[in-house]
Amino acid sequence: FQKPEMSTGNISTVNTEFILIGFPGLEGYQHWLTIPFSVMYILAIVGNSLLICIIKLEANLHTPMYTLLCVLAMVDIGLCTSTIPKMLQIFWQKACSISFEGCFTQMFFIHVMSSLESSTLAVMAYDRTRAMSAVNVSSVRPAGFVLIGFPGLDSVQQWLSIPFTIMFIFALAANSIIVFVVKHEQALHTPMYFFLSVLAVVDIGLCTTILPNMLHIFRHNPSFNSFEACFIQMFFIYFFTSLESSILVVMAYDRYVAICNPLRYTSILSTAFLGKIFSVFIIRGFILTALIPIFASMLLYCSSNVISHCYCDHMAVAKLACTDITNNSHYGISVAFSILGVDVLFITFTYVMILRVVLKLGSSAARLKAFNTCGSHLFIIMYFYITSLFNFLVYRMGEKVPPHIHVLFAVLYLLVPPVLNPIIYAVKTKEIREAFLKHVLRKKVNPATNIPV
């Protein structure tokens, strides 16, 4: 519109109307636009009017759902009438004046009708939610799910409890020791060891979420999980997995700064920076992964409740639904690529930059030490991301993969990192070994020889 010009003197000389010009730059084509907009206007008025008449005249339609539909039709008529007649006038005349009061009256009705449209849609959504909950819930929501472990390996699952029990005990003990020594050794209060302790806490959470229930399956095959417990487990599995990936990203960045920009290490990895970056990763992981079990729990489960898996995996559960799960599948893979995919790209770029710096080192011994350290780190990182990708893609494209092989990979990609991380990141680190001897075994270490005394 064209703003009124204000004189510098008496305010009564202000113009009392606005000029509406339609689509700026398309003045020569606007009369042709009257055709589609006129058709839309007629269809909207006639269609919504018929809807109101039918609902009013048919007694069977006098229910909340159709009453809300009738209200929505009236709001749509009001919204169209507030805008399109004046718009068609503009198209025909190329410009149209509207009084000062008329302009703000139209503005009021457009916003009121828009808010009523949104409010009516919200009430209709609530109406559908209540209508769905009124259905016999037992027919669409089982009391729980039955986990059978490794499909086809029922007879040997008791023996499988032995290696998995050893892995569980080792992971809990090793990661707990890392947290303990980093907390009590003042010399380890640096960003690198802080990341290592956080990774250990996440690994403990990941193991505890999966292994106790899995061992129960192996000993008392099968295992029953309540409906709510299954989706709670699903959330924590994906939440801890996202945190594991996030910490690997931060640790890779830590190594990059330490090698490529060592003089600014403490200023870059400040406490404020660490607080912000971990807050972002926690929020990212929580929001994206929380929607996975929420959407899965809204599906209708009216057939089998037996899950051919060792834990409540997203797609293993969703495939039991008797409704379309395309959206769930697409959301799950999009979350995988937006978290794991983005993280692995950043880690790859970081280690490429580290490799460039390492290759420029003059000492072959220094290069060998750097390659040894980075190589072990890259091994566990590649294992985590490759097996994660395998697990996500098999459900979508791996119909020929034997079920027990798929389940085995799905379990190992979550359980092997908590076992290997303490070995890769801690046992091979001299400072961690010395702190372990000092605080756990209560032995002193000779600084010159690194031998306990």
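The values are calculated or read from the model by the stated rules, or taken from the named source; none is laboratory data. All values reported here derive from a predicted model rather than from experimental measurement. No Cβ is skipped: glycine too gets one built from the backbone with ideal geometry, and neighbour counts run over all protein chains shown. Remember, those area values only see protein heavy atoms, side chains included, never the ligands or the DNA or RNA. Shrake-Rupley method; radii C 1.70, N 1.55, O 1.52, S 1.80 Å.
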For the peptides 30-42, 242-254, what is the packing order when you average, over each peptide's residues, the other Cβ atoms within 10 Å and list the highest mean first? 242-254, 30-42
Report, ordered by chain and residue number, the aspartates and glutamates lying within cross-link reach of Lys319, taken as a straight Cα distance under 18 Å and ignoring same-chain residues fewer than 8 apart. Glu228, Glu399
What helices does the chain have that are whole DSSP H segments, at least 20 Å long along their own axis by Cα, and with mean Kyte-Doolittle hydropathy of 0.5 or more? 30-57, 64-93, 157-184, 191-219, 227-260, 271-297, 342-359, 364-397, 403-421
Could you work out the per residue convex hull volume over the alpha carbons of segment 210-322, in cubic angstrom? 121
In what sequence, highest mean first, do 196-208, 161-173, 402-414 appear when ranked by Cβ atoms within 10 angstrom? 196-208, 402-414, 161-173
How large is log10 of I(q)/I(0) for segment 274-402 at q = 0.11, 0.14 Å⁻¹ when the intensity is taken from the Debye formula with one equal scatterer per alpha-carbon? -0.57, -0.79
Can you check how the C-alpha radius of gyration of segment 273-334 compares to 2.2 N^0.38 Å, as a plain ratio? 1.39
From the list [x] 159; [y] 278; [z] 183, can you say which value of volume of the Cα convex hull per residue in Å³ was derived from the structure given? [y]
The farthest towards the positive end of the charge dipole of the chain, of the residues Phe37, Tyr256, Ile294, given +1 on Cβ of Lys and Arg and -1 on Cβ of Asp and Glu, is Tyr256
Between the modelled labels at Glu228 and Ile405 (7 Å from Cα along Cα→Cβ) the distance in nm is 4.0
Among Lys183/Lys369; Lys400/Lys428; Lys360/Lys438, the pairs whose Cα-Cα distance exceeds 32 Å are Lys400/Lys428; Lys360/Lys438
Report in % the part of the accessible area of the chain that belongs to carbon and sulfur, leaving out ligands and nucleic acids; probe 1.4 Å. 71
Summing Lys, Arg as +1 and Asp, Glu as -1, what charge do residues with Cβ under 12 Å from the Cβ of Thr120 carry, Thr120 excluded? -3
Please give the Cα centre distance for segment 288-351 versus segment 52-130, rounded to the nearest Å. 39
Taking amide H atoms as placed 1.01 Å from N in the peptide plane, list the residues 5 or more away in sequence, or in a different chain, whose amide H sits under 5 Å from that of Glu17. Phe100
Just need the relative contact order of the chain here, percent rounded to a whole number, with Cα pairs under 8 Å and 6+ apart. 16
What number, rounded to the nearest 500 deg cm²/dmol, is the helix-based mean residue ellipticity at 222 nm of the chain, given -39500 (n - 2.57) per DSSP H run of at least four residues and division by all its residues? -24000 deg cm²/dmol
